[in-house]
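Okay, so here's the structure we're looking at.
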Amino acid sequence: MTQWSSEERDALIGSLASFRRAMMRDGFLGAVAATTALDLSLPQMAVLFLLDKEGGTTAGEVARLTGRSPSATSRFLDQLVKLGLVERTEDPEDRRQKRITIANPGRELVHTIEAGRAEAQLTLMEQLSLDERRQVMAAMQLLAEAARRRTDHGRNDLG
């Protein structure tokens, strides 16, 4: 793993913070608006995004990942099931466990939020020159490749 110098780390953290703040209005607030009627919590949204990316997991693993008690996790999963965003099924390997997977409406919600964030990023990139946009596109491709390698090396978050 590459070590960052203190200056590099601080500069990158500052750049990422500036970018995230610029994205806040359209990207994050758009996500809040998309989920307001559903009254979803941040942990519930995080679980939807993880399930969409990684597939199914157990309720116990959701509790571990969100830092919630099993009973609190069960309650917030019950709400997601009632809304039709996730499905709870019997785990084929251990019938005592319940498997949690994302349902089509949950997947559609995640994709709607991702599309809104992507549009916000593209709008922000309109402030760049053509050469700068090409540089950002190349950097994004490198980051996407790094994300793929991380997943391929078994470092994903769900079991």
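Numbers for the structure displayed
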{"read-out": "Members of the stretch 89-128 found to be touching a residue at least 40 places away in the same chain (Cβ under 8 Å), crowded, with 16+ Cβ neighbours inside 10 Å and either in contact with a Ser or Thr (Cβ under 8 Å, 6 or more places away or on another chain) or not in a helix (DSSP H, G or I) (or both), listed by number", "value": "K98, R99, I100, I102, L109, I113"}
{"read-out": "Meets criteria (of a type outside the set (A, V, I, L, M), touching a residue at least 40 places away in the same chain (Cβ under 8 Å) and assigned to a helix (DSSP H, G or I)) for G30", "value": "yes"}
{"read-out": "Leading residue by the ranking (modelled with the lowest pLDDT) among those in the stretch 1-24 that are in a helix (DSSP H, G or I) and loosely packed, with under 11 Cβ neighbours inside 10 Å", "value": "R21"}
{"read-out": "Set F49, F19: member being within 19 Å of T101 (Cβ to Cβ) and of a type in the set (F, W, Y)", "value": "F49"}
{"read-out": "Filtered residues of the stretch 29-49 (kept if surrounded by 11 or more Cβ atoms within 10 Å (Cβ to Cβ) and either more than 17 Å from the chain's Cα centre (by Cα) or among the polar types (S, T, N, Q) (or both))", "value": "T35, L38, S41, Q44"}
{"read-out": "One residue from G67, G106, G116, G60 being at positive phi and not charged (D, E, K, R)", "value": "G67"}
{"read-out": "Subset of the stretch 35-88 (residues that are assigned to a helix (DSSP H, G or I), over 22 Å from T151 (Cβ atoms) and free of Cβ contacts under 8 Å to residues at least 12 places away in the same chain)", "value": "T36, A37, L42, A63, P70, S71, A72, R75, D78, V81, K82"}
{"read-out": "Failed item, numbered, when D52 is tested on (1) of a type in the set (D, E); (2) surrounded by 15 or more Cβ atoms within 10 Å (Cβ to Cβ); (3) at pLDDT below 85", "value": "(3)"}
{"read-out": "Some residue of the stretch 10-28 being of a type in the set (D, E, K, R) and more than 20 Å from the chain's Cα centre (by Cα)", "value": "yes"}
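The values are calculated or read from the model by the stated rules, or taken from the named source; none is laboratory data. None of the values given here were measured: they were computed from a predicted structure. Virtual Cβ from ideal backbone geometry, glycine too; neighbours counted across all protein chains shown.
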